[in-house]
Amino acid sequence: MACSRGAASPDAHTQRRLFAASGGYCQNPECARELFVEYDKKFFHVAEMAHVFAANDFGPRANAELSAEDRGAFENLILLCSLCHTKIDKVPEVYTDRVVSGWKRVHAEKLRSLFGVTVFAKRADARAAIEGLLRENHYIFEEYGPQIEAAQNPESGAAERWRRKVLEKIIPNNMRVLAQVDANRHLLGGDEADTVEKFRQHVDDLQARHLHGYQEGATRFPAEMAELLRD
């Protein structure tokens, strides 16, 4: 998903934010193709970052008034499959900035509906909304995580299975948890707000490692998160 456009190229944080906003699907709501594909036991992505307004003054949907920084900002980017990216840049007079921005907005609305984000009055109800997601992630980690015996054998395929589970399940589940918790911050007590921020950094680090290949030390899942909103 790299983009070599100088200052118009999004930084790593913006790239991870863009992936999170996509939910793993092409942001053209009429396409919604999965961006991460498994074929013949190999895992690859077909995701491409596209600019709403061109990265330069001569590209599709160019806007000479935008600064390089604005062109590389989250608001001017959309994550598409390779086919949709080619399509919008081939005929920009059809796929105008208004059309492409509309895709991103509709996709976000669909994700919010899918996530079922709800503001609750009771901690128990907010806990119930995230408990299943946390449980599923814990099970996946225990069964497929890098600590299992098979992961020590590079020929076992365990590393690829773990990466697929992270991209297809764990990261999307994490984003749903964060969306629910952020909508119910008024119910957090004690040190729970700090726990949420630790979890947010863990999610960001997980995306950096599995989406962008960054190998620097990452934060671990905060144990306190397993008990969040539980009385």
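Each reported figure results from applying straightforward, stated rules to the coordinates on display, with no laboratory input. Model, not experiment: these values are computed from the prediction. Counting neighbours? That spans all protein chains shown, and the Cβs are built from the backbone with ideal geometry, glycine included.
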Neighbour-count ranking [beta-carbon atoms within 10 angstrom, fewest first] of ASP231, ASP125:
ASP231, ASP125
The chain - Rg (one decimal) and Dmax (whole number), Cα, Å:
19.2, 58
Evaluate 2.2 N^0.38 Å with N set to the residue count of the range 123-227, then give the Cα radius of gyration divided by it.
1.13
Quick check on the exposure proxy: order LEU229, LEU188 from fewest to most C-beta atoms within 10 angstrom.
LEU188, LEU229
Among VAL100, VAL37, which comes first, second and so on when ranked by fewest other beta-carbon atoms within 10 Å?
VAL37, VAL100
Using 0.36 nm times the number of residues separating GLN201 and PHE74, minus their current alpha carbon distance, what extension gain do you get?
43.8 nm
Considering the zone a paramagnetic label at TYR39 would reach in this model (a point 7 Å from Cα along the Cα-to-Cβ line), which residues of the range 81-99 have amide N under 12 Å from it?
none
Scaled by the rule-of-thumb 2.2 N^0.38 Å, the alpha carbon Rg for the range 6-115 gives a ratio of 1.06
Which net charge results for the neighbourhood of GLU34, defined as the other residues with beta-carbon distances under 12 angstrom from its beta-carbon, given Lys and Arg at +1 and Asp and Glu at -1?
0
